[in-house]
Amino acid sequence: MWPPNFDFKWNRPQLHLLLGGALALLLPVLAVLQYRWISDLSLSEKERLERKLKESVSLFSREFNSELLRINTFLLAPIVTSEDGEDYGPRYRRWATNNNQLRIVKAIYRTSGGERATDKLETYNAEADSWQQIAWPQTLLKMKDQAEWRPPPAEPPPGPRPPGPGRGPRDWFESGVVAATAPRLIVETDPDLGSAIWSNAILQGWTIVELDRDYLRREYFPELTGRHFGEDYELRIANRNNTKNVIFQTTAAADSEEFGYADASGSLFDIRPENPGRFGPRPAQFRGLPPDGQPPPEPRGRWLISVRHRAGSIDQAAGTVKNRNTAISLAILLLMGGTMALLLAATRQSQRMAHQQMEFVASVSHELRTPLTVIRSAGDNLADGLVTSEGQVRRYGALIRNEGRRLSEMVEQIMSFAGLEKGKTQFEFTSVDVNALIQRAVASCDATLKERGCRVEINAPDALPHVLADPNSLAHCLQNLLTNAAKYANESGWIGVTARTSESSKGPQLEISVEDRGQGIRPEDLPHIFEPFYRGKRAIEDQIHGTGLGLSLVKRIMEAHSGAIDVHSVPGQGSTFTLRLPAAQVS
């Protein structure tokens, strides 16, 4: 039970952690929902593609079969009641009037005479509206030899019958010829019933309508394919009973010897005219209709159209879309997760920087208060005449000078950091003698070193190469490292400065190391010591003076000189900071 006076408030870090945890929980849930949605979308897309493909196949088949139906209705032989028949010209003109695909018909032939009614062959001249006798072309000789017709039985058996002679057009695909054929019959009429007596039909001859195969393959079928299927599908049209007899195929389908799996198929050369002649509809038994209550027979056109998706199948195409959508969604989720992680990290970094800045303000305030207090006390003593002897005046003057120098160094360090942060610091690069630079840095730190009882051991060969650097900035780096070493040196106060050359992937370089034998740096502090305002826990615990800017300044100055700084530290044994600079090229 909450106390009556308890006032709970969320602080900003807690809110950020709560928000991050909520987002981390929502992302997996969102990923699962997204995957399910993509799966449902993929299934719907597959069903849509299958439905649309079946509609396209049906429209394709219907359009071509309609052309054949018009050919069958107008151009193939009518049922006649005398040997003279009827004029062919009006039938041809009715077909031409109702058809936009006149080029689909290459030639029209009729046969007559002989036992098979194939001894004589005539071709129809539409312009002259006349028949001209010709010799059998070589491509039609096999058709002549195989022409055969038998009259149907007086009482045909019930049920569907397969297509056969006398029941619509027949296709012929041989030796590059595509043709529709039908017998021309003399049929008597029952005077009582007024219906045709099919069992007494007499074969008068054959009508052959040769289709222009080149036109079908190069223009008609490509145009029909592009209109109904676009470029996403492969298509092949072949003889149903012998699929090696290919009438047409798209380029992609032609690349494979076997068409294999088909997403959808349909029938061509599949026409069943309900009124093929002048004597009214045929009886249901002759039309091949099933008895009442049974489903209609499957289409069995003599040509088979097979269609499949260019991806291999509609399943593969839908799977590809699903995989692509899943990859995109996963990338978006990863981007969201990464953005969330970066935002949380940036928030944590901002909080840490704000905390360090507060510590920096507190440290600077403390650092300023100590020398100012000393300077003020010494000044008061001098002003009040409490110090009269020359020796005391000198000591007080030295004290004021040292504390003033500390203040100057602190202000200079803060100003340098601000200049680097804003990019306003200008470096003047020149050839620098490393030995002279080391001596200068040690000399400038002499007062601090003596104050802490430190001694410096320099190990640097005389023949060191020069470096191209800003001498003041580079000296400032060494002074920072020497001051830090003096702060953390052990009781012996030993500090080592070593200079040497080495080779790197970018050429020869110069290394300057500053080593102490003090407490070392804790492993948890080591990754952060070059961050601005950061001070290690030991420095805070031991109340060692500092602002947390020195090593950050050194790193930034070294980066501006195309150099680097690294550190090696063992707790309890000391630390070694190494500056690496490219050696100046000697001309």
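Rule-based calculations on the coordinates, nothing more; no lab input. Bear in mind that the values here come from a model prediction, so they are computed numbers and not experimental data. With ideal geometry, Cβ positions are generated from the backbone for all residues, glycine too; neighbour counts draw on all protein chains shown.
Tabulated data
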item	result
Nonlocal amide H pairs with residue 248, under 5 Å, H built at 1.01 Å	237
Estimated FRET transfer efficiency when R0 is 22 angstrom, pair residue 93-residue 66 (beta carbons, to 0.05)	0.70
Contour minus Cα-Cα distance for residue 433 and residue 36 (0.36 nm per residue)	135.9 nm
Whole-Hz couplings from phi, Karplus 6.51/-1.76/1.60, listed for segment 519-532; x for Gly and Pro	6, x, 10, 5, x, 6, 8, 4, x, 10, 5, 9, 7, x
Estimated FRET transfer efficiency when R0 is 30 angstrom, pair residue 50-residue 218 (beta carbons, to 0.05)	0.50
Cα centroid separation, segment 175-247 to segment 447-498 (Å)	103
Ranked by how many other beta carbons lie within 10 Å on average, peptides 560-570, 377-387, 205-215, 40-50 from highest	205-215, 560-570, 40-50, 377-387
Dimensionless Rg ratio for segment 427-587, taking C-alpha atoms and the 2.2 N^0.38 Å reference	1.01
Hz values of 3J(HN,Hα) by residue in segment 230-240 - Karplus curve (6.51, -1.76, 1.60), Gly and Pro given as x	x, 9, 8, 10, 9, 9, 9, 10, 9, 5, 4
Segment 438-520: GluC sites (Glu not before Pro) in DSSP loop, at most 14 other beta carbons within 10 Å	491
Distant-in-sequence amide H partners of residue 466 (H built 1.01 Å from N, under 5 Å)	584
Gain in span if fully extended, residue 120 to residue 327, counting 0.36 nm per residue against the direct Cα distance	67.5 nm
Segment 125-133 - phi-based ³J(HN,Hα) in whole Hz, Karplus 6.51/-1.76/1.60, Gly and Pro as x	9, 5, 5, 8, 6, 8, 9, 10, 6
Cross-link pairs 120/142; 52/244; 120/144; 106/244 - those with Cα-Cα distance over 18 Å	52/244; 106/244
